[in-house]
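Report on the following structure.
What follows draws every value from the coordinates through simple rules; no lab data is involved. Predicted model, so just to flag it, every value in this text is computed and none were measured. When we count neighbours, we look across all protein chains shown, and the Cβ atoms used for this are built from the backbone with ideal geometry, even at glycine.
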Amino acid sequence: MAVSVDPIDGTAMKAQFPLLSREVHGKPIVYLDSAATSQKPLAVLDAMDDYYRTINSNVHRGVYMIAEEATNRMELARALVRDFIGARSSSEIIFTKNATEALNMVAQSWGRANLSAGDVVVLSHMEHHANIVPWHMLVAEIGIELRWIPLDNEGRLDLTDLDTLLNGAKVLSVTAMSNVLGTMNPVRTLTDAARKAGAISMIDGCQSVPHSATNVQELGADFLAFSGHKMCGPTGIGVLYGREDLLEAMPPFLGGGEMIRDVRLDGFTTNELPWKFEAGTPAIAEIIGLGAAVEWLNGVGMDNVRAHEIALTEYTISTLHERFGDRINIHGPSSPAERGGVFSFDFDGLHPHDISQVLDQHAVCVRAGHHCAKPLMKLLGIGATARASVYVYNDTTDIDALADALDATGAFFTL
Amino acid sequence: MPGLEDLYREIILDHYRNPRNRGELETPPALRVEGFNPLCGDEIVLYLDFDSNGGVADIRISGQGCSISQSSASMMSAAVKGKSVAEIDELTRAFKAMMSIHENTLEGAETAEPIDAPDVKLGDLEALRGVVKFPVRIKCATLAWNTLAQGIEEASA
Ligand SMILES: Cc1ncc(COP(=O)(O)O)c(C=O)c1O
């Protein structure tokens, strides 16, 4: 059934990722947990290493040469991120620690300033805890009301009652792609509906930005949050994109150095965007690493990344179904065009912990658990799933290794 | 390097496939306690009938989880049924001692304080000894015991 052409050569791709050449338990590693975090290409490791070896200094302060070089390199990374997601201005790119911090920033800063008791925030049943808990905190603090977009039986958003749910809402905050089901949501439809209802929209782009071309103008999103570490960049760096007028009107999140224009004994005035939201010394090496990741992904081409993942998704679904039939149940949409390369599955009635433990002995790394989406797990009526997820460096040999290891798992537990 | 057979001993798989004391008891008189492993979503529900001295006269288990948490709960139920509070306390300490990580099981790691392990026979529970070689699974093995301790504490409160 695999009909899509894969533009990416797996062997050449793997060679750029040093970690993928290691062995575990005496076997070559098969890394299938990129939805949790991606591996890093040499280009990113080198960029960070080079920063520390040649220009390590604090940014936006020193007037000496290396401090200026570090500042330039960091601001170049911001421009790369801006262009990567189609933002109009670098002022709209705020560096955070991760997507979680970006989502909290909007809830805490925009939310506290603009929401009051009874105001409605609309989320979906497939959100990651990072896009649930910050809003629960405002329920407790302010008394806002949460509404939830339901799912259909293939794990897609059921938009039948969207307008009713959005009626009177102030915020719509949803993920562009589920980290459990792989479902890719119709973001434009959602943001259009939000705008019509007078609500702002925030998109959790953690799983979508690393895997497909992103343009915030086309998405129509007011805010977009994502993490560097899932897109070939380092940990410790994330991004909040926000529409400039919204960011201008928002109070700062953390106070300290870098975010101020002036500090007096009787108060302070804030710095201009984006630094108003970047208190303290930023994660300079990580920002530079993220810039390198963006350049590297641009080199591959995001359309190629997506085409590769569609081809690999077709291969994965058909291979697992052919080899295991009814023994395996893969959650989420059945059509590869509607989903990303995240495969949560139940196998042989075994607990995901036990599956991943045996897979590990075969050097196959998959995730087991609730994937930080407990409300979704509850809806699916399960406590946990095993989850395999792919990225640009995975190929059909990894999927074959997964299938072989699942075979061995089934045999082990039916002895 | 620890292998799968260190973790999944035959007796563990037997308790997993044929769990003992599975079910519920009427509450009251039984006490119902829940335990969660927030990391993996494992969930255990214990139903405890106490005798007049606070010992566990009867026990039932429901909930869902991996083979380690389920078999540990099954073995625990067989080990504590009909035992006095003092006997259960001793078993619990012996089991917890077995589940703590010793220097020879984790390369380079040393225990800060020696654990005083009571000298009691753990029987089937000994089969779980291999779990310490898989540190992320220790919480699975101790979930039932922690839930039981919570139940006994609630009952005596
Ligand atoms: C959909 C989604 N949202 C949010 C997050 C949180 O990302 P981070 O832990 O990098 O802040 C994740 C990552 O697990 C995710 O998959």
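Which of A:Glu322, A:Glu101 comes first, and how do the rest follow, when ranked by fewest Cβ neighbours within 10 Å? Before the final figure, lay out each step's value.
Values: A:Glu322 10, A:Glu101 21.
In increasing order of surrounding Cβ atoms, one gets A:Glu322, A:Glu101.
Applying 1/(1 + (r/R0)^6) with R0 = 41 Å to the Cβ-Cβ distance of A:Lys196 and A:Thr269, what FRET efficiency is obtained, to the nearest 0.05? Walk me through the intermediate numbers first.
Working: r = 36 Å, r/R0 = 0.89.
In this case the efficiency is close to 0.65.
Quick one, could you list the DSSP H helices from chain A stretching 30 Å or more along their long axis (Cα atoms) with average Kyte-Doolittle hydropathy of -0.5 or above? Intermediate values should be presented prior to the final figure.
Values: long enough: A:302-324 (32 Å, -0.35).
Qualifying helices: A:302-324.
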Report, ordered by chain and residue number, the lysines lying within cross-link reach of A:Lys27, taken as a straight Cα distance under 17 Å and ignoring same-chain residues fewer than 8 apart. A:Lys14
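About its Cα centre, what dipole magnitude does the range A:45-299 give when the only charges are +1 on Lys and Arg Cβ and -1 on Asp and Glu Cβ, stated in debye to the nearest 20? Can you show the working numbers first?
Working: 19 positive and 32 negative charges, 33 e Å.
The calculation lands at about 160 debye.
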Return the whole-Å distance between the Cα centroid of the range A:81-95 and the Cα centroid of the range A:361-415. 35
FRET efficiency for A:Asn215 and A:Leu19, using Cβ-Cβ distance with R0 set to 30 Å, rounded to 0.05: 0.45
Relative contact order %, the range A:45-299, counting alpha carbon pairs below 8 Å whose residues are six or more apart: 24
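Show me B:52-61, B:128-137, A:6-15, B:73-82 ranked by packing, highest mean number of other Cβ atoms within 10 Å first. Don't skip to the end; give the middle numbers.
Details: B:52-61: 16.8, B:128-137: 19.1, A:6-15: 14.9, B:73-82: 22.3.
Result, highest mean Cβ count within 10 Å first: B:73-82, B:128-137, B:52-61, A:6-15.
Please report the antiparallel percentage of the DSSP beta bridges confined to chain B, to the nearest 5. If you can, show how the numbers build up before the last one.
Working: 16 of 17 bridges.
So the antiparallel bridges amount to about 95 percent of the total.
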For a Förster distance of 22 Å, can you work out the FRET efficiency between the beta-carbons of A:Ala113 and A:Glu75, rounded to the nearest 0.05? 0.20
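Can you tally the net charge around B:Gln70? Count Lys and Arg as +1, Asp and Glu as -1, for every other residue whose Cβ sits under 11 Å from the Cβ of B:Gln70. Could the numbers behind the result be given before it?
Working: positive: B:Arg17, B:Arg20, B:Arg22; negative: A:Asp354, B:Asp42, B:Glu43.
Here the count lands on 0.
Determine, for each peptide in A:82-95, A:364-377, A:129-142, the mean count of other beta carbons within 10 angstrom over its residues, then list the peptides with the highest first. Please list the in-between numbers first.
Values: A:82-95: 19.3, A:364-377: 21.8, A:129-142: 17.0.
Result, highest mean first: A:364-377, A:82-95, A:129-142.
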Approximate spin-label separation A:Asp326-A:Leu379, in nm, with each point projected 7 Å along Cα-to-Cβ: 2.8
Using Cβ counts within 10 Å as a stand-in for footprinting exposure, how do A:Trp275, A:Trp148, B:Trp145 rank, fewest first? A:Trp148, A:Trp275, B:Trp145
Need one number: nm distance between label points at A:Ala12 and A:Glu68, each 7 Å from Cα along Cα→Cβ, rounded to one decimal. 4.0
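Take peptide B:63-71, look around each residue's Cβ out to 10 angstrom, count Cβ atoms belonging to other protein chains, and average those counts. Mind dumping the intermediate values first?
Details: counts 1, 4, 5, 11, 6, 4, 2, 2, 0.
For peptide B:63-71, the averaged partner shielding equals 4.
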Based on other C-beta atoms within 10 Å, arrange B:Leu31, A:Leu290, A:Leu273 from fewest to most. B:Leu31, A:Leu273, A:Leu290
In peptide A:345-356, what is the residue-averaged number of other protein chain Cβ atoms found within 10 Å of each Cβ? 4
Round to a whole angstrom and tell me the spacing of the C-alpha centers of the range A:296-360 and the range B:132-157. 35
Calculate the length of the line joining the C-alpha centroid of the range A:153-187 to that of the range A:41-75, in whole Å. 40
Counting only DSSP beta bridges fully inside chain A, the antiparallel percentage to nearest 5 is 60
Measure off 7 Å from each Cα along the Cα-to-Cβ vector at A:Arg88 and A:Glu145, then give the distance between these two points in nanometres to one decimal. 3.4
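Kindly provide the Kirkwood hydrodynamic radius of chain A in Å, to one decimal, from all pairs of distinct alpha carbon atoms. Walk me through the intermediate numbers first.
Working: mean 1/r = 0.0448 Å⁻¹.
That comes to 22.3 Å for chain A.
Counting each DSSP H run of 4 or more residues in the protein assembly as shown as -39500 (n - 2.57), what helix-only mean residue ellipticity at 222 nm follows after dividing by all residues, to the nearest 500 deg cm²/dmol? Present the calculation step by step, with values, prior to reporting the outcome.
On the way: 19 runs with 211 residues, N = 572.
One gets -11000 deg cm²/dmol as the mean residue ellipticity at 222 nm.
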